[in-house]
Amino acid sequence: MVVAFFLAAMATLALSSPRVYPTGVTIYDPARAYNCFVAFSALDGNTHLIDMNGNEVHRWPYVGLPGEVIDPKLTGGQRGHVLLQLQSVDDSRGGIFTNRTVGELDWNGNKVWEWGDQAPGGAARQNHDWGRLPNGDTLLLVTIPRAVPGLGPKVIGDQAIYQVTPAGKIVWKWIAGDHLSEFGFPPEGLAYLRERIKRNPPEPYGYLEINDMQVLGPNRWFDSGDARFDPENIMIDARKGNVVLILSKKTGKAVWRLGPVFPGSEYSPDQRIGNKNLPRPVDQISGQHNAHLIAKGLPGGGNLLLFDDEGGAGFPPAALGIYAGSRILEIDPVKKQIVWQYAGDDSGRPVWTFFSSFVSSAARLPNGNTLLDEGMNGRIFQITSKGDIVWEYVTPYVGRSTVGGKPFENSLTYRAQPVPYDWVPAGTPHAEKPVKEVDVTKFRVP
């Protein structure tokens, strides 16, 4: 189950969060925020749709990795459809890497499309990303248990991309392990990876842990003649490998790469996070998530946006800072320069107050704000280009589990999606009441 897996992962982390903390919306400035719904799957086993005051306006009784509300332009105008994981191989709900079927549900929870029984091995094993294409097909990022050529005889979790028709037929596929040389790992990195695989139990979530897969879509680079940015090409990022690729849809080959080796990697990681000199070459990322081109028409359209977790990753592992902190990077993908970034100190707090060593996402909004999911802590918030927090929400949806005989709970959220009001059925209620930030130096629990 997705809940059990992520809770087990959380058990390895030493968090400094307070035991008692507020949930729901803690900050909201309607005049400066981009007002919309927000969707996310939670560890309570449900996918939630909330308004800007944190009211749950809808839920589906399944999770997704991620749960994704579909643009009505891709559903024939039908609003409120969502992609979710439906059945696990043991017939329970969902499953992060062991889901048997995945599918599309309508607003009322009816199955519109389901796929997985037709998949190789009889199970979809979808994880980390997927998306509906304009022609009605669906792209799915999946796990394939197999021995990867060049990495040894042990069966591990390789990853693939399938393009599946509405009838369930796979009409295009790409398998990561068949393209390992295109990831840019140096010889010492591959040697480290082989030894790691040899010495450790199989990793079902993938030796690369590809956590993002998005079609580029229309963009200014292709418009200006750069064929690498063909709108049908696909961007992926490998969390464990510290690398982002663009795959040619026509050939399956990588035509563009960021990482895994970065200029300036020998400099202090703590200087990376606080470095405000822009633009500058992209320096060492580590454990990144949600790499994608900002959609054409949005502020920064065509630039690469990603959540740089700065969590442990790399072959061998990248150097990390003493003062742990994540950052958001907006990158010119042609010059490979950082043109905008966000870290905790941009909101008037220390860099370590914004940190998620794994999961998480970032999305550019129509008014120039950016929606962030600090996923490890279940905190979703919206910032201006200057770093002002104009909306903040802490999820109250908690999952509970037992690891090593010790029970614990957590509110992790893998990804948060901004959902325009007109993507769901007309008349869906929503509130936009301001919420003033509490002065924590004076607030006391009665």
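The values are calculated or read from the model by the stated rules, or taken from the named source; none is laboratory data. Here the structure is a predicted model, which is why all the values come from computation and not from measurement. Here the Cβ positions follow ideal geometry from the backbone for every residue, glycine too, while neighbour counts run over all protein chains shown.
Here are some notes:
- Residue that is surrounded by the fewest Cβ atoms within 10 Å (Cβ to Cβ) [pool: residues in segment 224-240 that are in contact (Cβ under 8 Å) with a residue 60 or more places away in the chain and not in a strand (DSSP E or B)]: Asp226
- Strands (runs of 3 or more DSSP E) contained in segment 376-441 and holding at least 1 residues modelled with pLDDT under 95 and basic (Lys, Arg): 399-403, 406-410
- Test for Phe185: is it out of contact with any helix residue (DSSP H, G or I) (no Cβ under 6 Å at 6 or more places or on another chain), buried (at least 16 other Cβ atoms within 10 Å of the Cβ), part of a loop (DSSP other than H, G, I, E, B) and at pLDDT 95 or above: yes
- Qualifying residue in segment 332-343 (condition: of a type in the set (Asp, Glu) and crowded, with 16+ Cβ neighbours inside 10 Å): yes
- The residues in segment 113-136 that are within 13 Å of Thr101 (Cβ to Cβ), in a strand (DSSP E or B) and in contact with a Phe, Trp or Tyr (Cβ under 7 Å, 6 or more places away or on another chain) can be counted, and the count is 0.
- Residues (at pLDDT 90 or above, more than 19 Å from Asn369 (Cα to Cα) and not in a loop (DSSP other than H, G, I, E, B)) located in segment 2-39: Gly24
Residues checked against (1) surrounded by fewer than 18 Cβ atoms within 10 Å (Cβ to Cβ); (2) in contact with a Lys or Arg (Cβ under 9 Å, 6 or more places away or on another chain):
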{"residue": "Leu84", "(1), (2)": "no, no"}
{"residue": "Val89", "(1), (2)": "yes, yes"}
{"residue": "Asp117", "(1), (2)": "yes, yes"}
{"residue": "Pro120", "(1), (2)": "yes, no"}
{"residue": "Leu133", "(1), (2)": "yes, no"}
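- Qualifying positions in segment 353-369 - touching a residue at least 40 places away in the same chain (Cβ under 8 Å) and either crowded, with 20+ Cβ neighbours inside 10 Å or within 16 Å of Phe307 (Cβ to Cβ) (or both): Phe355, Ser356, Ser357, Phe358, Val359, Ser360, Ser361, Ala362, Ala363, Arg364, Leu365, Asn369
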